[in-house]
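For reference, the structure discussed in these notes is given below.
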């Protein structure tokens, strides 16, 4: 059970409604805002927490939307980066959600299994993204050689967006873990 209770729609302030509408009416919902809601009709995952500080929450959800839907990073590599962060922090909801998105975007089960095992994926592009994000999370730095590989793969804009993406999802992992945000009912934890 989450440490933060659900915020019912009928009790939301105007600022909270702005966040709610940005999440349920934005690209995350893809025309089906019900997918963003739990069984009680409250926002799922990290999004409910954003309602508790709506001005910051709105900025955060806007950044997340840009990083998920407007980056130049190819979708499979984006999702690989996200699950790498989720694995590092053992953020159950992040792992569950983005493994599912990753599969839809073409991320292979073999790559997902490698990330879960802490192993470098076989594909060279995936290996570069995995190592870059993993080193950034675990060592707080990336080597010059790894930086060059990422630069050759993604260019300066892409590497910059990769760093922003990893930082954003580290923040999301912190939200999920600090507030003990649970998985949807019936979903088994990956890290226990």
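The values are calculated or read from the model by the stated rules, or taken from the named source; none is laboratory data. Quick caveat, the model's predicted, so the values are computed rather than measured. Counting neighbours? That spans all protein chains shown, and the Cβs are built from the backbone with ideal geometry, glycine included.
A few comments on the model shown:
Matching residues to (1) crowded, with 22+ Cβ neighbours inside 10 Å; (2) under 10 Å from the mean Cα position of the chain (by Cα); (3) within 28 Å of residue 192 (Cβ to Cβ):
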residue: 58; (1), (2), (3): no, no, no
residue: 66; (1), (2), (3): no, no, no
residue: 85; (1), (2), (3): yes, yes, yes
residue: 90; (1), (2), (3): no, no, yes
residue: 95; (1), (2), (3): yes, yes, yes
residue: 98; (1), (2), (3): yes, yes, yes
residue: 109; (1), (2), (3): no, no, yes
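Conditions (1) closer than 13 Å to residue 171 by Cα; (2) touching a residue at least 12 places away in the same chain (Cβ under 8 Å); (3) assigned by TED's automatic domain parsing to the domain that holds residue 120, marked per residue:
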position	(1), (2), (3)
44	no, yes, no
48	no, yes, no
51	no, yes, no
56	yes, no, no
63	yes, yes, no
77	no, yes, yes
84	no, yes, yes
89	yes, yes, yes
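- Condition check for residue 133: touching a residue at least 12 places away in the same chain (Cβ under 8 Å), assigned to a helix (DSSP H, G or I), farther than 18 Å from residue 191 by Cα and out of contact with any strand residue (DSSP E or B) (no Cβ under 8 Å at 6 or more places or on another chain): yes
- Meets criteria (part of a loop (DSSP other than H, G, I, E, B) and not assigned by TED's automatic domain parsing to the domain that holds residue 98) for residue 189: yes
- Residue count, the stretch 117-145 (criterion: under 13 Å from residue 80 (Cα atoms) and either in contact with a helix residue (DSSP H, G or I) (Cβ under 6 Å, 6 or more places away or on another chain) or surrounded by 15 or more Cβ atoms within 10 Å (Cβ to Cβ) (or both)): 13
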